[in-house]
Amino acid sequence: TQLLEQSPQFLSIQEGENLTVYCNSSSVFSSLQWYRQEPGEGPVLLVTVVTGGEVKKLKRLTFQFGDARKDSSLHITAAQPGDTGLYLCAGVTGANNLFFGTGTRLTVIP
Amino acid sequence: NAGVMQNPRHLVRRRGQEARLRCSPMKGHSHVYWYRQLPEEGLKFMVYLQKENIIDESGMPKERFSAEFPKEGPSILRIQQVVRGDSAAYFCASSPSRTGLEAFFGQGTRLTVV
């Protein structure tokens with residue numbers, strides 16, 4: 001089982017602030033995904049990054065895949081209360097398996 | 001195209017009973033993954049199946065737990081002789097059989113062992 005550590009585990013910020021969530025592993029992945037999960041629901045895929053060093057933007061969210069394909073970051077600009085949720089990174093292995101990170105619980109206070 | 005369907009949404013079992021969790025993947029998807037989640041934690045991988053085959057079961061306890069994905073019908077995660085520690089949310093995800101994994105999740109089954 002691949003281990004992906006996310007930091008911070010919990011994050012509470014004011015509306016309008018910026019934040020970055022980190023996902024780190026000692027394993028190399030063929031791609032890395034970020035999901036968001038609402039209470040009582042399954043995770044929903046936000047983005048997949050495939051190439052080392054790749055940067056993808058989704059409105060106010062910026063995702064980066066590390067050069068060595070072992071780590072990733074999620075940056076949110078001008079956070080809004082609607083961004084509140086559990087953010088999960090997940091690494092895709094060469095065998096097409098999917099392993100999840102430890103999760104970051106984000107709370108954006110209006 | 002219906003999404004991934006899991007049932008039941010909530011399941012209560014007494015210690016020692018059996019729990020059967022069902023997952024119907026999206027149409028055309030032949031890969032199924034099962035995960036377990038405790039409150040405020042990430043998803044812990046349990047088992048990865050393709051039609052009629054277990055690809056990776058390294059995350060599943062050796063005893064009491066089993067999974068199948070038959071040629072016809074849903075994938076089943078079976079927990080025999082449940083204990084209180086089995087209480088958790090169990091999620092399944094499905095993916096089409098092509099390169100580039102894109103997993104779609106069901107809403108989960110919340111198992112409570114009393």
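The values are calculated or read from the model by the stated rules, or taken from the named source; none is laboratory data. Source: prediction; values computed, not measured. As a convention, Cβ positions derive from the backbone with ideal geometry for all residues, glycine included, and neighbour counts pool all protein chains shown. Please note that ligands, DNA and RNA were not included when accessible areas were found on the heavy atoms of the full protein model with its side chains. Shrake-Rupley method; radii C 1.70, N 1.55, O 1.52, S 1.80 Å.
Per residue of B:36-49, what is the mean number of Cβ atoms on other protein chains within 10 angstrom of that residue's Cβ?
5
So what is the relative contact order for chain A, in percent, with contacts set as C-alpha pairs under 8 Å and at least six apart?
Relative contact order here is 37 percent.
So what is the relative contact order of region B:1-101, in percent, for Cα pairs below 8 Å that sit 6 or more residues apart?
35 percent
For region A:22-66 and region B:62-114, what is the centre-to-centre distance using only Cα atoms, to the nearest Å?
So the separation of the two Cα centres works out to 23 Å.
Counting only other chains, and only Cβ atoms inside 10 Å, what mean value do you get across the residues of A:41-54?
Whole-number average of other-chain Cβ neighbours for A:41-54 is 3.
Taking a ≥ b ≥ c as the square roots of the Cα gyration tensor eigenvalues, with a/c under 1.5 meaning rounded and otherwise prolate when a/b beats b/c, else oblate, which class fits region B:37-90?
Prolate shape, in that a/c is at least 1.5 and a/b is the bigger ratio.
Which shape class, rounded, prolate or oblate, goes with chain A when its Cα gyration tensor gives a ≥ b ≥ c as root eigenvalues, a/c under 1.5 marks rounded, and past that a/b bigger than b/c marks prolate?
It comes out prolate by the Cα gyration axes.
So, with a 1.4 angstrom probe, what is the percent of accessible area on chain A that is carbon and sulfur?
C and S atoms contribute 52 percent here.
Can you pull the mean other chain C-beta count within 10 Å for peptide B:104-111?
3
Can you spot the lysines whose alpha carbon is less than 20 Å from B:LYS71's alpha carbon? Ignore those fewer than 8 places along the same chain.
By straight Cα distance, B:LYS71 reaches B:LYS27, B:LYS51.
Where in region A:8-47 does the label zone of A:ARG60 land, with the point 7 angstrom along Cα→C-beta and an amide N cut-off under 11 Å?
Output list for this probe position: A:14-19.
Which of the peptides B:19-30, B:77-88 is most tightly packed, and how do the rest follow, judged by the mean count of other Cβ atoms within 10 Å per residue?
Those peptides, ordered most packed to least, come out B:19-30, B:77-88.
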